[in-house]
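Read through the structure below, which is laid out as structure tokens, and then see the notes.
We did not get these values from a lab; they are worked out from the coordinates using the rules stated. On a predicted model such as this, the values are computed, not experimentally measured, just so you know. Note: ideal-geometry Cβ built from the backbone for every residue, glycine included; neighbour counts use all protein chains shown.
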Amino acid sequence: MDVHGGRQGRLDAQGRGRQARDAPWPAADQGRGRSRHLVTAEQGTDRGADVRWALLTGGVKGVGKKYSQDRWAARATADGRAVVLTVADGHGSAAHFRSDLGARWAVEEFTACAEAFAHEAVRVGADAAGWPELRAEARLLPQAVGHRWHRRARFHDSSAPARGASPAQRAAAHRRARGRGTPDLAAYGSTLLGAVLTEHTLMCWQLGDGDIVLVDDGGVPHTPLSSGPDMGDETDSLCEPEPWRKTRTHWQPITGGPPPAVLLSTDGLSKSFADHQGFLDFATGVRERAAGQGVAAVQGQLGDWLARAAKYSGDDTTLVGAFGARYDTSDATGGHEPHE
């Protein structure tokens, strides 16, 4: 696991900032009006459970872009005992002129598969004897998502093969398809990141660029699926023939203490910082503010932070997150903000 423990210049719960291309967030008291995106998920009718989830979502269009190629989802499932998070980033260049569709399908198909997996993860719970089989199912999930995504892309391409493509783009696609002997789906290319979080287990998947950051109860950020320095515009994609072979996975049992904060973002966010440590400091700051001020307060400021990040990166910028807090079930009442 890639652990970064540096703290210099970190944004803390009191709003002290550090400079990283003029840190892409406003002062703590400037964010307003976005709490409608907050989802607080209780543990349903199972009063024996003792974790409540709060979800964070936001996305902005890149500066100068006609529309965003990013798509995302964050939802509670299994009667509130699990959370599914996902973000997808359509490639957006001329060769990928339908990537907004590809990103949407990626989110829809991952969410469908991940919700089924989440129900099984909740059923297994803390029974370690069931974890090996659960891990095996998790390793198969990218293949299921990939097949479903490819089926939708092929159907769409067969129904409207020329729509939106220039003659040169169509000719290039035909040449690639002939050379590979498979349908060319580059027009729909997209990355995909996802996570399923329960009280007892965490599973993450990543294909292509973007970031998954886990911030533990001590405020230390972990990037379990980091592939190293950014390689420019090249990225793995769902449009490849067997994308599941390039999907990275992370499994983590949660055996003591609260679950980590889980943050998924498209690369427009991390690219807005001068260095990777600045991005990790930002992620830690988000978790600290959620703990100190409540997730609703963070949600109210998130749009401004992402807009400033998009200004620096020039790219669509999306962040989703889940925060779990243990609470006393004997005292639990609906609708209260969780506290860590």
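Quick notes
- Per-residue Cβ neighbour counts within 10 Å put THR191, THR255 in the sequence THR255, THR191, beginning with the fewest.
- Packing-based ranking of 207-214, 294-301, 134-141 yields 207-214, 294-301, 134-141, ordered from highest to lowest mean Cβ neighbour count within 10 Å.
- Between the range 126-150 and the range 257-291, the Cα center-to-center distance that results, in Å: 27
- Proxy reagent accessibility, fewest Cβ within 10 Å first, across ARG287, ARG248: ARG248, ARG287
- Residues THR317, THR86 arranged by fewest to most Cβ contacts within 10 Å: THR86, THR317
- With the simple model of a label 7 Å out from the Cα in the direction of the Cβ, ASP275 to HIS147 spans 4.6 nm.
- Extension reserve of the SER158-LYS311 stretch, reckoned as 0.36 nm per residue once the Cα distance is removed: 51.3 nm
- In terms of packing, defined here as the mean over residues of other Cβ atoms within 10 angstrom, the peptides 143-154, 274-285 line up highest first as 274-285, 143-154.
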